[in-house]
1. Keeping to the stretch 21-47, report how many residues are within 12 Å of the chain's Cα centre (by Cα) and surrounded by 13 or more Cβ atoms within 10 Å (Cβ to Cβ).
2. Return yes when Ala41 is in a helix (DSSP H, G or I) and modelled with pLDDT of 90 or more and no when it is not.
3. Is there a residue being in a helix (DSSP H, G or I), under 30 Å from Cys3 (Cβ atoms), at pLDDT 90 or above and not small (Gly, Ala, Ser) anywhere in the stretch 61-69?
4. Out of the residues in the stretch 24-42 that are of a type in the set (A, V, I, L, M) and in contact with a helix residue (DSSP H, G or I) (Cβ under 9 Å, 6 or more places away or on another chain), state the one that is nearest to Val53 (Cα to Cα).
5. Test Lys29 against the stated conditions and say whether it is in a helix (DSSP H, G or I) and at pLDDT below 90.
6. Are there any pairs with C-beta distances below 7 angstrom linking a residue in the stretch 35-55 that is more than 15 Å from Leu24 (Cβ to Cβ) to a residue that is assigned to a helix (DSSP H, G or I), with the two at least 6 apart or on different chains, and if so which?
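The values are calculated or read from the model by the stated rules, or taken from the named source; none is laboratory data. Only a predicted model underlies this, so the values are computations on that prediction, with no experimental measurement involved. Counting neighbours? That spans all protein chains shown, and the Cβs are built from the backbone with ideal geometry, glycine included.
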Amino acid sequence: MGCGSALKGVCFALKEARFALKELCFALKELHFARKEPCPALKELRFTLKEMVSALKKMRSALKSHPRC
């Protein structure tokens, strides 16, 4: 496997991870609003996950612009 196809695999994995985290954020948002009382921990967790989604997007972007070996 060449470097180019390895990078492509990593980019795909980052995309999949980002998608999964976005789904988790959405589920946490629904849980947060379904509760009778606000839960600051859920809100904080969602915020942290959103930061992770953003970081994954930046990593994928950096890898996509990486010159092929």
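1. So the count comes out to 5.
2. Working: in a helix (DSSP H, G or I): yes; modelled with pLDDT of 90 or more: no.
Answer is no for this residue.
3. Keep residues of the stretch 61-69 that are in a helix (DSSP H, G or I), which gives 61-64.
Pick out the ones that are also under 30 Å from Cys3 (Cβ atoms) and you get 61-64.
If we keep only those that are at pLDDT 90 or above too, we end up with none.
Checking the stretch 61-69: not a single residue is in a helix (DSSP H, G or I), under 30 Å from Cys3 (Cβ atoms), at pLDDT 90 or above and not small (Gly, Ala, Ser).
4. Of all residues in the stretch 24-42, those of a type in the set (A, V, I, L, M) come to 24, 27-28, 31, 34, 41-42.
After this cut, where a residue has to be in contact with a helix residue (DSSP H, G or I) (Cβ under 9 Å, 6 or more places away or on another chain) as well, the list is 24, 28, 31, 42.
Details: Leu24: 11, Leu28: 14, Leu31: 19, Leu42: 16 Å.
Only one residue tops the list, namely Leu24.
5. Criteria met by Lys29.
6. Hits for this filter: Cys39/His32.
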